[in-house]
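The values are calculated or read from the model by the stated rules, or taken from the named source; none is laboratory data. Worth saying up front: this structure is predicted, and the values here are computed from it rather than measured. Cβ: placed from backbone, ideal geometry, glycine included. Neighbour counts: every protein chain shown. Keep in mind that these areas ignore ligands, DNA and RNA; they rest on the heavy atoms of the full protein, side chains included. Shrake-Rupley method; radii C 1.70, N 1.55, O 1.52, S 1.80 Å.
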Amino acid sequence: MAKVMVIGAGPAGLRAAESLARFGLDVLLVEQAPYLGGALARHRYGGLMPYFDSGPQVLKAMTAVVTDHARVTVCTESQVGRVESTDGGFQVELMGQTATEEHVQAVILATGFTHFDPRRDAKYGYGLFPDVITGAELEEQMAAGPVHRVSNGAIPESVAFIYCVGSRDRQVGNTYCSRVCCAVSTKQGIELRQQLPQARIVMFYMDVRTYGLWEDQLYWRAQEEAGIVYVKGRVAEITQHDGRPLLKGEDTLIRGPFEWEFDLVVLATGMEPAAGTAALAAKFGVEREPHGFLRQAKPMVSAAITNRPGVFVAGAASGPKTVEDSVMEGDVAAMAVLEHLGVKATP
Ligand SMILES: Cc1cc2nc3c(=O)[nH]c(=O)nc-3n(C[C@H](O)[C@H](O)[C@H](O)COP(=O)(O)OP(=O)(O)OC[C@H]3O[C@@H](n4cnc5c(N)ncnc54)[C@H](O)[C@@H]3O)c2cc1C
Ligand code: SF4
């Protein structure tokens, strides 16, 4: 039976592995981290946007299927070394605790994304002021216990979210929109309201892109039910005053400057290609698109097809995606592999 290598065990890779195994293919699931689940596991997402599903439960269900499946071999703390083309596929050096050689007929790249590091944009004061944190750090705080100010452990009475940090910004080199952060921040605001019924929660945005069905489910709900305030404006600088972050910027609707102190500031950092994407792309001869993500060569035919026959892509490796989209693309990539290998559906 054909063997397929899936690289990356986030939502996309897990789903791809599960689908291939269900069709009777042997799967080698290669993950560099010591755990499965990608960003969901790394940042311990609590409630998932847009439906507020429990992150830990979704993660448990996703991972259980592959770890329990006899056809899936899971290799954590592993990386791909040398790659060579062969007649029927690829000879791949797999570097884990020991190095092995694997022959596989097809490969799915599901290496996901990494967060923009806000230290690269000094105006936010991240790393300088302890009460300026990222959205991922907020998820970790929400999972671990009451949300608190990092500086003194106090429960915050006011929380600001700043959108588009590291996205839609020529100066930091990321001109694209990261797609999920408006909705994720809005979801986090709604969750935060349950923990902090009296707190002032303010979202500073350029545009609110809670597109499609999320408009009323998230954006309207945040304002109408959770009392969250949205301010259209760019934050020009964060400094500190009396030990609290001080936001300076311009409200672009009323066309006036503001200076506003908060107890806690959350940066909605965008998504960038995972570290190592360029090197992996080069090993497999896969092209990247202009922002550095893996290029979908025929997006109108299939989201999974790359320029290299036998090598497919799924999830945030080809651009910012939701968990839902990543899972769906895991399936799409599995289907593309089946077609590539000529596996016939059994009646
Ligand atoms: C703060 C934040 C909150 C979010 N909350 C939500 C939410 O509520 N709902 C939602 O739908 N989406 C949310 N997202 C988006 C969500 O995280 C992504 O849609 C999802 O993780 C993408 O899945 P993936 O499998 O493509 O990538 P990832 O989750 O990034 O997984 C990729 C995996 O590949 C591994 N990998 C990378 N390179 C290699 C390599 N060279 N070799 C081996 N392994 C490798 C990584 O270690 C990782 O485990 C959020 C994003 C952020 C930033
Ligand atoms: S999804 Fe929203 S916060 Fe994220 S980059 Fe796009 S507009 Fe900005």
If you scan the range 222-239, which residues turn out to be in a helix (DSSP H, G or I) and within 18 Å of Ala268 (Cβ to Cβ)?
Ala222, Gln223
Being surrounded by fewer than 17 Cβ atoms within 10 Å (Cβ to Cβ) and part of a strand (DSSP E or B) is the filter here, so list the residues in the range 54-72 that pass it.
Ser54
From the list Pro309, Pro320, Pro299, Pro290, which one is assigned to a loop (DSSP other than H, G, I, E, B), touching a residue at least 60 places away in the same chain (Cβ under 8 Å) and either charged (D, E, K, R) or not assigned by TED's automatic domain parsing to the domain that holds Glu139 (or both)?
Pro320
Condition broken by Glu329, with the remaining ones in (1) part of a helix (DSSP H, G or I); (2) charged (D, E, K, R); (3) surrounded by fewer than 21 Cβ atoms within 10 Å (Cβ to Cβ) satisfied:
(3)
Just the residues that are within 12 Å of ligand 2 (Cβ to nearest atom) and open to solvent by 10 Å² or more (accessible area, probe 1.4 Å), please, taken from the range 190-211.
Tyr205, Met206, Asp207, Val208, Arg209, Tyr211
Residues being of a type outside the set (Lys, Arg) and open to solvent by 10 Å² or more (accessible area, probe 1.4 Å) - total across the range 13-27
5
Looking at the range 167-189, which of the residues that are among the charged types (D, E, K, R) and within 6 Å of ligand 2 (Cβ to nearest atom) is surrounded by the most Cβ atoms within 10 Å (Cβ to Cβ)?
Arg179
For Ala41, indicate whether it is within 11 Å of ligand 1 (Cβ to nearest atom) and within 23 Å of Thr134 (Cα to Cα).
yes
Could you tell me whether His43 is surrounded by fewer than 21 Cβ atoms within 10 Å (Cβ to Cβ), assigned by TED's automatic domain parsing to the domain that holds Gly330 and closer than 27 Å to His340 by Cα?
no
Pick from the range 272-302, criterion among the charged types (D, E, K, R) and in contact with a Lys or Arg (Cβ under 8 Å, 6 or more places away or on another chain), ranking: farthest from Ser178 (Cα to Cα)
Lys283
